[in-house]
Amino acid sequence: MAAALSVPACVSGEVAAAPVAVAIVDLDAVPDYVAPPVAQLEAKTVRIYDAPEADQGVAVDEDFFYALDNTVIGKYRRDTGQLVARFTAPHKGLIRHMNSCYARNAKLWCANSNYSLVPMGSSIEVFDAANMTHVATHSLGMMDEGSLTWFDDIDGGRLAAFAHYSGNGGVPFKDSTYSSVVTFDKDWRRTGGWLFPEGVIKRMAPHAASGGAIGPDDLLYVLGHDLPEMYVLARPSMGPTMIHVATIKLGVGGQAFSFAPGEGRTIFAIDRAGGKVSEIVLPDVALKTPDALPFRR
């Protein structure tokens, strides 16, 4: 007959912990989430340049800015506003709709799409900033995320925005509410992403985020298609939706913009109605809730 085994109440002289009392909570009384208040701020325009190519966006480096119009990029001196070079490709050709560019390492990195055609296709086009020649391309092809509008470097990879449209250039089964921000590694393999807050989506409708970049405070700064206001977004501590922390009033409408490298909160943005490029200083933005985090870790 097998011997019965007994289990001691404690091991090695340890005393069993007393049970912890847990308060009874009425789950129906748990409050709904309340989004933090959105700060209302205003930027200051310090200089305005003439640039007829300024229809889709502008990139900037230490000495030049680069005004963009679909298949044309004009290179201008920052000190004098003089046009010094231009890249031009045929309209509705291999490059169809360059939405934005940024200047980095003596090159221009540009987001291109086949807007307003469907199905949506996108590519990255690279230019030598010195002589304004096309030097590289990387096609993303057709993506469920939508049409590529802008991208930036982040944590050794990339942060990119994809647009859906309610109307021209869109598809009937996905309106502008399906626009989002996606993260990729350096080889453009998807690693994650976020949704835009509902309030920002409504302000940008029927279009999406035409311009965006990580600021010097590691928050995400976004412009829509038309309204003269910039949205400052934070990474959420939990969940898939970004947090809207501030709206900044600008003297120009939407479209793509760029932070001036090494110049803090200075951006270059366009006024597409007048063919102008503006140099603008943004106000400081404070994070006032632990739920809102910078994007760079």
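If you take the residues of region 149-173 that are out of contact with any Ser or Thr (no Cβ under 9 Å at 6 or more places or on another chain) and free of Cβ contacts under 8 Å to residues at least 40 places away in the same chain, which of them is least open to solvent (accessible area, probe 1.4 Å)?
G156
For region 250-297, the set of residues classified as charged (D, E, K, R), within 17 Å of the chain's Cα centre (by Cα) and modelled with pLDDT of 95 or more consists of R265 only.
Scanning region 274-294 for residues that are in a strand (DSSP E or B) and open to solvent by 40 Å² or more (accessible area, probe 1.4 Å) yields K276, V281, L293. I need the strands (runs of 3 or more DSSP E) fully contained in region 124-198, keeping only those with at least 1 residues that are more than 19 Å from the chain's Cα centre (by Cα). Fully inside region 124-198 and qualifying: 133-142. For region 9-68, the strands (runs of 3 or more DSSP E) that sit wholly inside it and include 3 or more residues that are open to solvent by 90 Å² or more (accessible area, probe 1.4 Å) and at pLDDT 95 or above are 44-50. Checking the stated criteria, S139 turns out not to satisfy the condition of being open to solvent by less than 40 Å² (accessible area, probe 1.4 Å) and closer than 18 Å to R189 by Cα. Is it fair to say V182 is touching a residue at least 40 places away in the same chain (Cβ under 8 Å) and closer than 20 Å to G121 by Cβ? It is false that V182 is touching a residue at least 40 places away in the same chain (Cβ under 8 Å) and closer than 20 Å to G121 by Cβ. Against the test of being outside any loop (DSSP other than H, G, I, E, B) and either in contact with a Lys or Arg (Cβ under 8 Å, 6 or more places away or on another chain) or closer than 26 Å to D144 by Cα (or both), the options L233, L227 yield a single qualifying residue, L233. Is it the case that region 214-229 has a residue that's in contact (Cβ under 8 Å) with a residue 60 or more places away in the chain and touching a Ser or Thr at 6+ places or on another chain (Cβ under 8 Å)? No, region 214-229 contains no residue that is in contact (Cβ under 8 Å) with a residue 60 or more places away in the chain and touching a Ser or Thr at 6+ places or on another chain (Cβ under 8 Å).
The values are calculated or read from the model by the stated rules, or taken from the named source; none is laboratory data. Worth saying up front: this structure is predicted, and the values here are computed from it rather than measured. Here Cβ is always computed from backbone atoms with ideal geometry, including for glycine, and neighbour counts include all displayed protein chains. Heavy atoms of the whole protein, side chains included, go into the accessibility calculation; ligands, DNA and RNA do not. Shrake-Rupley method; radii C 1.70, N 1.55, O 1.52, S 1.80 Å.
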